[in-house]
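Asks: Sharing a structure with you now.
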Amino acid sequence: MATSSSTARKPTTRRARTQPKPCSFAHPGIPNRPVDANVKERSRRTQGHDATVLPQYSSPSHSPSYICILPPEILAEIFAYCIPTEQFPIPSRTEAPLLLTHVSSFWRSVAISTPDLWSSFHINYKDPTEDIALANLWLSRSLNKRLSISIAVDFGEQPQQAILDALCRHAKRWKHVRFDFRHLLCPPMYSLDLAQGNVPELTTFEFHARDISNTNISPITHLLSSAPQIRELSWVDDLADMETLLELPLSRISRLSLSMEHGTLDYLKVLNECPNLEHIRITKPLLQTTHQSPLFLSKLSSLNISSDLTGILDHLILPALREVRIYSADNEKHAQPHSPLHHASPHVQPHSSPVSSTTETWDPTAFLSLVDRSACAITSLSVTPPMSEVALLMCLPRMSASLVKLSIEGVAIGDTLLGCLTRPSTSSRRRDSNAVTHVGSASAHGDFLCPLLTDINLDTRIVCSPGVLAGMVRSRMNVSECNVHSNVSWTRMRKLRVADGHNDIEMLKELSRESHTSATSSLVLDIIPKKPNRMRNRHYFFRRKLCASR
């Protein structure tokens, strides 16, 4: 009889497939072959002798995780989703793309060879040695991709030409650019000659000036004049300078944002130079105009304006106007832009004007006159200035037939407004059909407003009876009956945004859950959480001064 040691099963040797080197956080893999859990019993049955000697297995080798065996092309696509969502992300070793280069040699190779990961960045320029090297690193790894670059420079009345030259050498690839320049009251201190006439792809430009002389703004205006594709412009200055604005290529601009904290500005004179304007956002300064006849802007479809500047609307005719946002200049939260420039535009510190105060309510007369005069169909309305529910009810009937999106912030509302937004049932509509003709409502559909409304944002105080808000939502979710028995076509509500803590929250949640089981479109309920005010991000911008520089 053979010895027990000779009967021990020897491990088999298999030819392993070539695998990539496991990454640093690969998890231990499963053994290549199953292990018999009852080794003693199997040995006793098959060998018929002492089963104390167990088979010896070689230690299973670690196999790579699945992400490490992906083709580089797929891994590069995954890496793209790791990049911060900001248009101009700040380079950081704890975030992509730099973080991706410290995982494994394979990941590092893929990340460095993926130029899309390195085509956008922001530099808050402080250390020439470190920041210039960082800029050159990003620019070299982006290869020939179009660039989204942002830089904040506090010149301190000293030349900082090296960092500008590093960026300007790649001006041919500029797509979206933001400059934040401070403290240049001195004679000409910098040059953009390397980029002058060499920006064929530049479409979006933002300039933020603080304590800068006119001679140090000239390089910017000259650069923009040589940009054939420039379409979007955001200009933030501490002093309104009409001459400087008229040097800009306004005739090519389709989206314009202006904010100047001191002085006055003839907006109509500026707008008269913008025949292709589609969107405008104006925050500061106060209006000064000499125009008599209304200015006709045939392409302007989006208007974002501070409530203390709505007097300019008396001088405009905007037949293509569709989206309107009117906000309070005295509320910092409401001063943020609400446009495609939003992700690119910085937050601008609001500046209280002498004619506006926190207790003064906004008069919508000029806005309503604009709507009537222009015969425009407003599809989106966002209002945040201090105003009464009655004033809001003056606005909605003028755009009831076309309004699709409504956003109300800071305007207390109650049963009256919610009742007007509630779709009437068939019986109530028949009962009230005669009464509507006697109340003289401005709405084309009686007292019941906005049948096409699908998105409602109520980031405001809602003082209503229990069930009124939920009843309004429920009525707009079941519109098939109303469309059959009425000439008015109602659209099913799709999204509601409301602050947490309202008495109807639980009923709204139930309506949202029920809608997800129906065959029609579901209701998206976005509950605004209660949270303390957060401090502004100071990574991009410098401390603001109260004095004007020019």
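The values are calculated or read from the model by the stated rules, or taken from the named source; none is laboratory data. All figures in this text were calculated on a predicted structure; none of them were measured in a lab. Glycine also receives a Cβ, built like all others from the backbone with ideal geometry; neighbour counts cover every protein chain displayed.
Asks: How many of the residues making up region 200-231 are in a helix (DSSP H, G or I) and free of Cβ contacts under 8 Å to residues at least 40 places away in the same chain?
Replies: So the answer is 9.
Asks: Return yes when D180 is under 26 Å from the mean Cα position of the chain (by Cα), acidic (D, E) and part of a strand (DSSP E or B) and no when it is not.
Replies: yes
Asks: Tell me the residue from L143, L167, L134 that is surrounded by fewer than 16 Cβ atoms within 10 Å (Cβ to Cβ) and within 30 Å of E73 (Cα to Cα), please.
Replies: L143
Asks: Look at region 108-134 and say how many of its residues are of a type in the set (G, A, S) and more than 25 Å from the chain's Cα centre (by Cα).
Replies: So the count comes out to 4.
Asks: Could you grab the pairs with beta carbons closer than 7 Å, sequence gap of 6+ or different chains, first residue in region 170-198 and within 21 Å of S213 (Cβ to Cβ), second one in a strand (DSSP E or B) and basic (K, R)?
Replies: Here the result reads R182/R210, each pair linking region 170-198 to a residue that is in a strand (DSSP E or B) and basic (K, R).
Asks: Looking at (1) within 24 Å of C376 (Cβ to Cβ); (2) of a type in the set (S, T, Y); (3) at pLDDT below 95, can you tell me which one T244 breaks?
Replies: (1)
Asks: Give the residues of region 232-246 that are outside any strand (DSSP E or B) and either surrounded by fewer than 17 Cβ atoms within 10 Å (Cβ to Cβ) or in contact with a Leu (Cβ under 6 Å, 6 or more places away or on another chain) (or both), sorted by residue number.
Replies: Correct list: A240, M242, E243, L246.
Asks: Another question, then. Working carefully through the options A162, A133, A111, find the one that is free of Cβ contacts under 8 Å to residues at least 24 places away in the same chain, hydrophobic (A, V, I, L, M, F, W, C) and assigned to a helix (DSSP H, G or I).
Replies: Being free of Cβ contacts under 8 Å to residues at least 24 places away in the same chain, hydrophobic (A, V, I, L, M, F, W, C) and assigned to a helix (DSSP H, G or I) holds for just one of A162, A133, A111, which is A133.
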